[in-house]
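What follows is a single structure, written as structure tokens, with notes after it.
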Amino acid sequence: MQKINSVLLKVALPFGLLFSMSLLVSGCDNSQSHPEVAVVQSQQPIVINCSDVWYQQVEKQLLSGDGQGHGPDLGSDEWQSVIEFKLGLRGDLTVPKRNTDAWCTFIDERLQH
């Protein structure tokens, strides 16, 4: 009986250690995907609120006037038309309706690229 226990210890102990080590190593492997712990990042669209400050920022990038102080009032329909023209968007059916936050968001996205 003592011989059997001795043989079992010699065989079982190394296998037990290998098994334990494989569990430990596999638990530390970060190269595998773990969807159960994946962080979900939602991409919330950024909506630009049309404001005088935003109009001024756009005007700094795309001058709507003639350089001598003549030009449309910031934020007006005429001004928005000039901005669309300067961005090459005149007649583009994907441009949202003017005088909306969607329009400002759309223009802002074009200015960022």
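No lab work stands behind these numbers, since they all come straight from the coordinates. None of these values were measured; they are calculated from a predicted model. Positions of Cβ are generated from backbone atoms using ideal geometry, with glycine treated the same way; all protein chains shown enter the neighbour counts.
Beta carbons closer than 8 Å, at least 6 apart along the sequence or on distinct chains, pair a first residue in region 66-77 that is under 17 Å from CYS50 (Cα atoms) with a second that is of a type in the set (Val, Ile, Thr) and surrounded by 10 or more Cβ atoms within 10 Å (Cβ to Cβ) for PRO72/VAL82.
The set of residues in region 90-113 being of a type in the set (Lys, Arg) and within 15 Å of ASP77 (Cα to Cα) consists of ARG90, LYS97, ARG98.
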